[in-house]
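Asks: Handing you a structure now.
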Amino acid sequence: MILSLVFMVLAALFAANLLFARPVRFSLFLIASCVLSFGAETDGLGSLANLSAIWLLCLLALSLIAAGILARTRVPWSPAEVCYALFLGWCAVESLRAAEISYAVRALLRLSFPFLSMYLARRSINSEAIASQLLGYQFAMTFGSGLICCGMMVLPALFAWVVGLVWYGAVFFDHASIIAMLALAVWSVRRDFKSLLLAIFLAAICLRAVNRTTMMALAVGASVFCLLEFRKLAVLLLPALYATLLAVLLLIPAFREKMFYSSDKADDSALLASGDLDTKQINNNGRFAMWDIVLSRFFKPNPFMGSGLGSTQAWFYSGAAKEAGCGNLKVEHSEYVRLLSDTGLIGATLFIVSIGAAGLDGARALRRSRQPMGHAYAVAAVCAGPVFLVCMGFDNALLYVIPVAQLPFALSAIALRLSAATGATLPVAPRDVADNMRWMPLQPLRPHSL
């Protein structure tokens, strides 16, 4: 814990220095550093907060200051920003209905992080040179975290001391699935073999970890990528892709044992009767049993509005979930279940519409892009939405995976800004003008139309 705390303080000081020296650099740091956690499982302030939560609060505070500084950049709000603002407004209303206001405030703060990241990205990353720098930071951070994850799989005793500095497990795998789409997009534009190797490396980590959700997310994202970049050839590529995924899920024993239904597991009624759901059972039949419990208690009584923001988390952490038959589980393992339970159909619909608006922003940017980085980020933005929606089905993507939740929105904001800057220079914060005067030679973009 001490090591993680020291590194967290140093990272916070570094981020603060970037913020007040060059706000654009802070935006790059904010997006690229989403793999950092500084001890996700280590309590930093008792049971109310851990180091990863404290780190998120630091980023939120600095992001609010950065938003005030970059507000001078007159950029109109995108459809995704408008939709997400409406979602946050509804969450604020739902927080007033919450039984535990402390959990509601925590949830509202977490949910504001993707919006701030999108807002800052759209107002700071406005040139190919800056986007290229961000790309390098994202790839370097992801590759380094991937090496640590590989080390934990091979030599856990040796890497245990450092794994607390970065997200490990579901958070990293969800992050890897989105960054893999960006790597594929860069490979398609630049024919950069290193980017293709990075995408393969990230997919291999998820395969080695037997992460079923991420493999499905990668397949969905790769399908969208093939349709965008290969057009007619995708008709031949997609059947092979789906056949490979099906073979992985059904023929590899480790994946087959983690499928939703398994003959050697107890059925839902037995799990409920025993009241002993655990993390192993949650990968099989127990997942549906737990979802049914949560939805019956929090969603079905008021389907349109739910039970109030943070209600399910307060219920899990109070110990009432264990009495209801959910064992020692602390999360729903599905963001759809949590959104429906906390914010009802209205809140869940607003968030999905926000994801869709971000994807449409990416598609619009793809149609207008004339530069390599603009094209790459636009393709990644279109692919990131479906990938994240898959991850939401089986992970709490707006709870402990919130650092990754910024990516679909940030990617679309970057793509939209770069496409708008093609052939013209939009206004930027005065102290960041020097950043926009740099030029990095790039290969010419192949003709493309959506």
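Asks: Touching a residue at least 12 places away in the same chain (Cβ under 8 Å), of a type outside the set (D, E, K, R), under 17 Å from Pro408 (Cα atoms) and in a helix (DSSP H, G or I): does that describe Leu57?
Replies: no
Asks: Quick one: which of Phe299, Phe316, Phe351 is of a type in the set (Phe, Trp, Tyr) and within 21 Å of the chain's Cα centre (by Cα)?
Replies: After applying the criteria, what remains is Phe351.
Asks: Another question about this same structure. In region 172-192, which residue that is at pLDDT below 90 and surrounded by fewer than 24 Cβ atoms within 10 Å (Cβ to Cβ) is nearest to Phe7 (Cα to Cα)?
Replies: Asp192
Per-residue answers, yes or no, for (1) without any contact (Cβ under 8 Å) to a residue 24 or more places away in the chain; (2) open to solvent by 10 Å² or more (accessible area, probe 1.4 Å); (3) aliphatic (A, V, I, L, M):
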residue: Ser341; (1), (2), (3): no, no, no
residue: Ile346; (1), (2), (3): no, yes, yes
residue: Ser354; (1), (2), (3): no, no, no
residue: Ser369; (1), (2), (3): no, no, no
residue: Ala378; (1), (2), (3): no, no, yes
residue: Cys383; (1), (2), (3): no, no, no
residue: Phe394; (1), (2), (3): no, yes, no
residue: Pro403; (1), (2), (3): no, yes, no
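Asks: Further question: Hey, Arg370 hits all of (1) farther than 27 Å from Arg110 by Cα; (2) at pLDDT 50 or above; (3) touching a helix residue (DSSP H, G or I) at 6+ places or on another chain (Cβ under 7 Å); (4) not in a helix (DSSP H, G or I) but one; which does it fall short on?
Replies: Only one criterion is unmet by Arg370, namely (3).
Asks: Mind telling me which of the residues Leu202, Leu227, Leu147 ends up being closer than 26 Å to Ile355 by Cα, open to solvent by 20 Å² or more (accessible area, probe 1.4 Å) and either in a helix (DSSP H, G or I) or at pLDDT 80 or above (or both)?
Replies: Leu227
Asks: Let me ask you something else. Could you list, ordered by first residue, the pairs with Cβ atoms under 8 Å in which the first is in region 61-87 and free of Cβ contacts under 8 Å to residues at least 40 places away in the same chain and the second is open to solvent by 50 Å² or more (accessible area, probe 1.4 Å), at least 6 apart or interchain?
Replies: Ala85/Trp77
Asks: Got a number for residues in region 391-413 being among the hydroxyl-bearing types (Ser, Thr, Tyr) and either in contact with a Gly (Cβ under 7 Å, 6 or more places away or on another chain) or part of a helix (DSSP H, G or I) (or both)?
Replies: 1
Asks: Give the residues of region 21-57 that are surrounded by fewer than 17 Cβ atoms within 10 Å (Cβ to Cβ) and either at pLDDT 90 or above or among the acidic types (Asp, Glu) (or both), sorted by residue number.
Replies: Of everything in region 21-57, those that are surrounded by fewer than 17 Cβ atoms within 10 Å (Cβ to Cβ) and either at pLDDT 90 or above or among the acidic types (Asp, Glu) (or both) turn out to be Glu41, Asp43.
Asks: Would you mind finding the one in Arg106, Arg123 that is basic (Lys, Arg), open to solvent by less than 20 Å² (accessible area, probe 1.4 Å) and either assigned to a helix (DSSP H, G or I) or touching a strand residue (DSSP E or B) at 6+ places or on another chain (Cβ under 7 Å) (or both)?
Replies: When all the criteria are applied, what remains is Arg123.
Asks: Right, here's the next one. Given (1) open to solvent by less than 40 Å² (accessible area, probe 1.4 Å); (2) part of a helix (DSSP H, G or I), where does Leu197 come up short, assuming only one miss?
Replies: (1)
The values are calculated or read from the model by the stated rules, or taken from the named source; none is laboratory data. Since this is a predicted model, take the numbers as computed values, not measurements. All Cβ positions, even for glycine, are placed from backbone atoms using ideal geometry, and neighbour counts span all protein chains on display. In case anyone asks, the SASA skips ligands and DNA or RNA and just uses the protein heavy atoms, side chains included. Shrake-Rupley method; radii C 1.70, N 1.55, O 1.52, S 1.80 Å.
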